[in-house]
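K.L.:
Sending over a structure as structure tokens; questions will come in a sec.
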Amino acid sequence: MTAAARADSAVLERLRERIRTLQAAPRQLLSVLRTGLPPVDGLLPGGGFPLGQVVELWGEPSSGRTRLAFRAIAEAHRALRLAAWVDGPGMLYAPALPPLGVQLEQLLVVRPPESKQLAWSALQLLRSGAFVAVGLDLTRSGVRLSPPESRRLVEAASRSGGLLLLLTPPEAPADGTLRLHVSAAGPRAMRLEVVRSRQGGASRTVEVPWDLLTPGGPSDVGAGSHGLDAPPLPVPPSTPFRRARACTRDGLIGIQGQRPGRDLSLPSFAQALGVGS
Amino acid sequence: MSQRVAYVHLPRFPVQRRVLDEPGLAAQPLALVHETKGVLRISFASGTAQRDGIRAGMTLTSARALLPALRDGLYDAAAETQALSSLAEGFLRFAPAFMLSAPDGLWLDASAASLFGGEAGLVDKVEAQARAAGYRARVVLASELFTARALARFGAATRACVALGDSGRALAALPLQALEDAPEVVASLRALGLSTLGELSALQPTQVISRLGAQGLRAQRLVRGQDEARLLPAVLPEVVEEVRTLEAPAESLEPLLFALKAALDRLSARLRGRQRAAVRLTLTLVLEPAGPYPVPLVLARPTTDPKLLLDLVRHRLESVRLDAPVATLVLTVDESCEDHGQQGVLGDAPAGDAALETVLARLATALGPEALGSPVLADDHRPEAAHAPGPFRPPRREPGMFAEARRSPPVPPPPPDWQLERPVRLLPGEGEPIEVELDALGALRTARVLGKRRKVLAVAGPERLGGQWWTETPFQRDYYRVHLDGLGPAWVYRRAGEDGFYLHGLFD
């Protein structure tokens, strides 16, 4: 064999090895989906929502569960993976998702016409293996998963290596491998408690400020708001409410970046309602 | 400019087709018969039957006397031509036009051969496609219609290309039988002791015209490679439809699926030939005696993949209960679109794409196409109108090595400010009216939300959204983010000029 032929052979072998590595790569890239919230990721065994499992977010419909789930889905989108959301109550509001990092074109939203098709839809999506994360929102759907349905979902998640994010209402918990109880802890934070976990960490609790859930979102306890249990904040005069980031005109906002009515802080209800004036 | 055409000869096409539909007939003596003057005569006989002496034109009675085990079926010329046309449509992947030569052949316009590895490449590809469809084929490419057909039918090679100007030499060795359209000329030539086309070609034209007349001269011009006939492109039917009549009415799913597989293979090949992809199909099951039973099939994404279509049909039929056996099935493409094809990628699993297509099709069929999609933002101030369902078209994944090289995905543009203050759940329509309790100063104290009266912990707002003042239904709302005890933030609004409050969203 000549030197040139040997060199060619070595190059080919290196290329083959590279191809093997690349082909093996996609499954190895992700083992958990992080929420990007240090308190939450720190609470979860493995540092995020583990793939191949059913993670149940159990709590009231305004406790921050959905945003938490979509922060994990955003992580999947950043890794150029697809995610699906089975929207039981049909209440998912798309304009709130891009600020969480969700790429709408990589999100399949399924709204079955009948509530009994919810679990079936999630099962099909999980079994396909085409989606790295599937959300199943059973809030206000009147559906409680039966043990066989739960088993099938757990098995499908395990086989496909996908993550099932199961959102359940307080009155109808399901049978998630990892169950987190999500609740509001006052106007400043939400609370997460690990209720069930095969990998340990049960009963651990953490509080996450609401402000952290939507990156760059408004602070509910800052200017322009007040807590009624606390002394009322002085209502500032009508100072323009502007954001630090420059706004570009897109037909929705004014030339100074303001929206109609946004320049006012909390108005007096007394005046508005004609009470006590 | 001289034309280049390829002739695809499918020996005993109707018999091949029958065997494809009923694999049990393979290697059995089979004859297709037609009725003439009250007598059943053989139109086509399989190779096995021919070896036992069965010939076209024999009566079925005499054929049976010769070979009692002979299986027979009716020959339907119109149906065979239709099937041949369907097969020809599949070749449109390689040729811009075709012309039928019923019952067992067709010409293809070979002018696009350079796109398929030259003329030899085109011939190989056409033969391979016919083989993939289950047919034995002989393909010859030449400059004249007669040359291509005669060599494909009577030549020795199964695949051949005849160079421009070489037709006379290529045809010389063929028997006179190749002059199929001029049987009188053939008979006269045989009487003169001639046996090959080359011998006819070598005669002086004056001798030919004096003995055989104009017909003879025309035949000589053909065998000298001077055929001036042009390929007349066939007109494609507007509706892509595949009809399959079952040998015996199917009472279970198994035989039905077998027939469907063959029909879907043909349908997909036709669509690919037309460079179209199916969006919506209807499978009509003709029940005996109940009549047609349509089964609509909706695809989430356009496709020509027969495997995916079969999977979808199987899934759909599992939920269908039929009262009578199925005698005939008709597959009709109701809607199609341009097929952009799918690019195979290195590093990513093609199986993943197929899985995605399958699950989307399955969900669309079971739940209805409107039940799944990808949300699209709409330019509207009214919150409930600010989004709409759109088709789910995830961005095409880049080939693996490039995706690997480009580790960091594109950074999306920052969302507009107003999106930061939108709830992730929006109640249907304009929301639900809620009972509130105000204190003496007019501040919110409690609100009845989600079936419970809850203490208001904090309020932020308002955000005034208004518009449509130029229409019959203007709106102006002041939105507040209200923290409620036991819940997270809720999105509550009050209409201008009204006292009532509405719950419109939840910051879940």
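The values are calculated or read from the model by the stated rules, or taken from the named source; none is laboratory data. Because the structure is predicted, anything quoted here is derived from the model rather than measured. Cβ coordinates were reconstructed from backbone atoms using ideal geometry, including for glycine residues, and neighbour counts include every protein chain displayed.
K.L.:
Please tell me if B:Leu100 is assigned to a helix (DSSP H, G or I) and under 21 Å from B:Leu236 (Cβ atoms). If you could, list the steps in order and put the result at the bottom.
P.N.:
Details: assigned to a helix (DSSP H, G or I): no; under 21 Å from B:Leu236 (Cβ atoms): yes.
Considered against the rule, which asks whether it is assigned to a helix (DSSP H, G or I) and under 21 Å from B:Leu236 (Cβ atoms), B:Leu100 comes out as no.
K.L.:
So in the stretch B:1-15, with the set limited to residues that are surrounded by fewer than 19 Cβ atoms within 10 Å (Cβ to Cβ) and at pLDDT 90 or above, which one is farthest from the chain's Cα centre (by Cα)?
P.N.:
Of everything passing the filter in the stretch B:1-15, B:Gln3 is farthest from the chain's Cα centre (by Cα).
K.L.:
Shifting gears a bit: Give the residue, chosen from B:Leu70, B:Leu84, that is more than 30 Å from B:Pro237 (Cα to Cα), buried (at least 18 other Cβ atoms within 10 Å of the Cβ) and either in contact with a helix residue (DSSP H, G or I) (Cβ under 7 Å, 6 or more places away or on another chain) or of a type outside the set (D, E, K, R) (or both).
P.N.:
Matching residue, one of B:Leu70, B:Leu84: B:Leu70.
K.L.:
For A:Leu145, work out the one condition from (1) surrounded by 19 or more Cβ atoms within 10 Å (Cβ to Cβ); (2) assigned to a loop (DSSP other than H, G, I, E, B); (3) within 14 Å of another protein chain (Cβ to nearest Cβ) it doesn't fulfil.
P.N.:
The one condition A:Leu145 does not meet is (3).
K.L.:
Right, here's the next one. Conditions first: (1) modelled with pLDDT under 90; (2) in contact with a Ser or Thr (Cβ under 7 Å, 6 or more places away or on another chain); (3) over 20 Å from B:Thr328 (Cβ atoms). B:Leu246 passes all but one, so which condition is the exception?
P.N.:
Of everything listed in (1) modelled with pLDDT under 90; (2) in contact with a Ser or Thr (Cβ under 7 Å, 6 or more places away or on another chain); (3) over 20 Å from B:Thr328 (Cβ atoms), B:Leu246 misses just condition (3).
K.L.:
Now, a different point. What is the residue count in the stretch A:102-131 for residues that are at pLDDT 90 or above and either part of a loop (DSSP other than H, G, I, E, B) or among the aliphatic types (A, V, I, L, M) (or both)?
P.N.:
The total comes to 18.
K.L.:
Do we find a residue being within 22 Å of B:Pro394 (Cα to Cα), within 7 Å of chain B (Cβ to nearest Cβ) and of a type in the set (Asp, Glu) anywhere in the stretch A:92-114?
P.N.:
Within the stretch A:92-114, one or more residues are within 22 Å of B:Pro394 (Cα to Cα), within 7 Å of chain B (Cβ to nearest Cβ) and of a type in the set (Asp, Glu).
K.L.:
Here's another thing I want to ask about it. Only residues that are on the phi > 0 side of the Ramachandran plot, within 8 Å of another protein chain (Cβ to nearest Cβ) and free of Cβ contacts under 8 Å to residues at least 12 places away in the same chain: list them for the stretch B:442-454, please.
P.N.:
Hit for the stretch B:442-454 is B:Gly442, nothing else.
K.L.:
Step by step: first the residues of the stretch A:53-86, then only those that are surrounded by fewer than 24 Cβ atoms within 10 Å (Cβ to Cβ) and within 7 Å of another protein chain (Cβ to nearest Cβ), then the one that is nearest to A:Arg140 (Cα to Cα). Which residue is that?
P.N.:
A:Pro61
K.L.:
Somewhere in the stretch B:48-63, is a residue within 29 Å of B:Asp124 (Cβ to Cβ) and surrounded by fewer than 17 Cβ atoms within 10 Å (Cβ to Cβ)?
P.N.:
Yes.
K.L.:
Quick check on my filter: what residues within the stretch B:419-430 are within 14 Å of B:Leu465 (Cβ to Cβ) and without any contact (Cβ under 8 Å) to a residue 24 or more places away in the chain? Show your work before the answer.
P.N.:
Our first condition is that a residue be within 14 Å of B:Leu465 (Cβ to Cβ); within the stretch B:419-430, this holds for B:419, B:421-423, B:426, B:430.
Within the stretch B:419-430, just B:Gln419 meets the criteria.
K.L.:
Within the stretch A:43-50, identify whether any single residue is at pLDDT 90 or above, at positive phi and either out of contact with any Phe, Trp or Tyr (no Cβ under 6 Å at 6 or more places or on another chain) or assigned to a loop (DSSP other than H, G, I, E, B) (or both), and answer yes or no.
P.N.:
no
K.L.:
Answer yes or no as to whether B:Leu457 is within 21 Å of A:Leu92 (Cα to Cα) and facing another protein chain (nearest Cβ under 7 Å).
P.N.:
Here the answer is no, as B:Leu457 does not meet what is asked.
K.L.:
Tell me the helices (runs of 4 or more DSSP H) entirely within the stretch B:116-204 that contain at least 3 residues that are under 30 Å from B:Leu20 (Cβ atoms).
P.N.:
B:118-132, B:145-154
K.L.:
Sticking with this one: In this structure, does A:Leu153 turn out to be at pLDDT 90 or above, surrounded by fewer than 24 Cβ atoms within 10 Å (Cβ to Cβ) and farther than 18 Å from A:Leu33 by Cα?
P.N.:
When the stated conditions are applied, A:Leu153 does not pass them.
K.L.:
Report every pair of residues separated by at least 6 positions or lying on different chains whose Cβ atoms are under 8 Å apart, first residue within the stretch B:376-405 and of a type in the set (Lys, Arg), second surrounded by 14 or more Cβ atoms within 10 Å (Cβ to Cβ) and modelled with pLDDT under 55.
P.N.:
Filtered contacts from the stretch B:376-405: B:Arg397/B:Val345; B:Arg397/B:Asp348; B:Arg397/B:Ala403.
K.L.:
Please go through the stretch B:261-271 and give me each residue that is over 12 Å from B:Val243 (Cα atoms) and either touching a Lys or Arg at 6+ places or on another chain (Cβ under 6 Å) or surrounded by fewer than 18 Cβ atoms within 10 Å (Cβ to Cβ) (or both), ordered by number.
P.N.:
Scanning the stretch B:261-271 gives a single hit, B:Lys261.
K.L.:
Out of the residues in the stretch B:416-433 that are surrounded by fewer than 19 Cβ atoms within 10 Å (Cβ to Cβ) and within 24 Å of B:Gly486 (Cβ to Cβ), state the one that is farthest from the other protein chains (Cβ to nearest Cβ).
P.N.:
B:Pro433
K.L.:
Moving on to the next point. Mind telling me which of the residues A:Leu123, A:Leu165, A:Leu92 ends up being touching a residue at least 40 places away in the same chain (Cβ under 8 Å), closer than 26 Å to B:Ala361 by Cβ and touching a helix residue (DSSP H, G or I) at 6+ places or on another chain (Cβ under 6 Å)?
P.N.:
So the residue among A:Leu123, A:Leu165, A:Leu92 that is touching a residue at least 40 places away in the same chain (Cβ under 8 Å), closer than 26 Å to B:Ala361 by Cβ and touching a helix residue (DSSP H, G or I) at 6+ places or on another chain (Cβ under 6 Å) is A:Leu165.
K.L.:
For the stretch A:173-219, which positions are within 11 Å of chain B (Cβ to nearest Cβ), in a strand (DSSP E or B) and farther than 14 Å from A:Thr35 by Cβ?
P.N.:
A:Ser183, A:Ala184, A:Ala189, A:Arg191
K.L.:
Out of the stretch B:368-388, which residues are over 23 Å from the mean Cα position of the chain (by Cα), in a helix (DSSP H, G or I) and surrounded by 14 or more Cβ atoms within 10 Å (Cβ to Cβ)?
P.N.:
Correct list: B:Ala371, B:Pro383, B:Glu384.
K.L.:
Oh, and also: Could you tell me which numbered condition A:Gln124 fails, if it satisfies all but one of (1) surrounded by 24 or more Cβ atoms within 10 Å (Cβ to Cβ); (2) among the polar types (S, T, N, Q); (3) closer than 16 Å to A:Val154 by Cβ?
P.N.:
(1)
K.L.:
Can we say A:Leu167 is assigned to a helix (DSSP H, G or I) and within 20 Å of A:Pro112 (Cα to Cα)?
P.N.:
Judged against the criteria, A:Leu167 is not a match.
K.L.:
If B:Pro423 passes every condition in (1) part of a strand (DSSP E or B); (2) under 23 Å from A:Thr66 (Cα atoms) but one, which one does it miss?
P.N.:
Every listed condition holds for B:Pro423 apart from (1).
For (1) within 30 Å of B:Ser86 (Cβ to Cβ); (2) β-branched (Val, Ile, Thr); (3) touching a residue at least 12 places away in the same chain (Cβ under 8 Å), each residue gets a yes or a no:
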position: B:Ala214; (1), (2), (3): no, no, no
position: B:Ala219; (1), (2), (3): no, no, yes
position: B:Asp227; (1), (2), (3): yes, no, yes
position: B:Ala234; (1), (2), (3): yes, no, yes
position: B:Val239; (1), (2), (3): yes, yes, yes
position: B:Arg244; (1), (2), (3): yes, no, yes
position: B:Glu247; (1), (2), (3): yes, no, yes
position: B:Ser252; (1), (2), (3): yes, no, no
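K.L.:
From the residues in the stretch B:488-507 that are farther than 14 Å from B:Leu444 by Cβ and at the interface with chain A (Cβ under 8 Å from one of its Cβ atoms), which one is surrounded by the fewest Cβ atoms within 10 Å (Cβ to Cβ)?
P.N.:
Quick first cut of the stretch B:488-507, residues farther than 14 Å from B:Leu444 by Cβ only: B:488, B:495-498, B:504-507.
Next cut, at the interface with chain A (Cβ under 8 Å from one of its Cβ atoms) only: B:488, B:505-507.
On the way: B:Gly488: 30, B:Gly505: 25, B:Leu506: 27, B:Phe507: 28.
Here the answer is B:Gly505.
K.L.:
Within the stretch B:103-124, can you find the residues that are of a type in the set (A, V, I, L, M, F, W, C) and more than 12 Å from B:Tyr7 (Cα to Cα)?
P.N.:
Let us first name the residues in the stretch B:103-124 that are of a type in the set (A, V, I, L, M, F, W, C), namely B:106-108, B:110, B:112-113, B:115-116, B:120, B:122-123.
The answer is B:Ala112, B:Ala113, B:Leu115, B:Phe116, B:Ala120.
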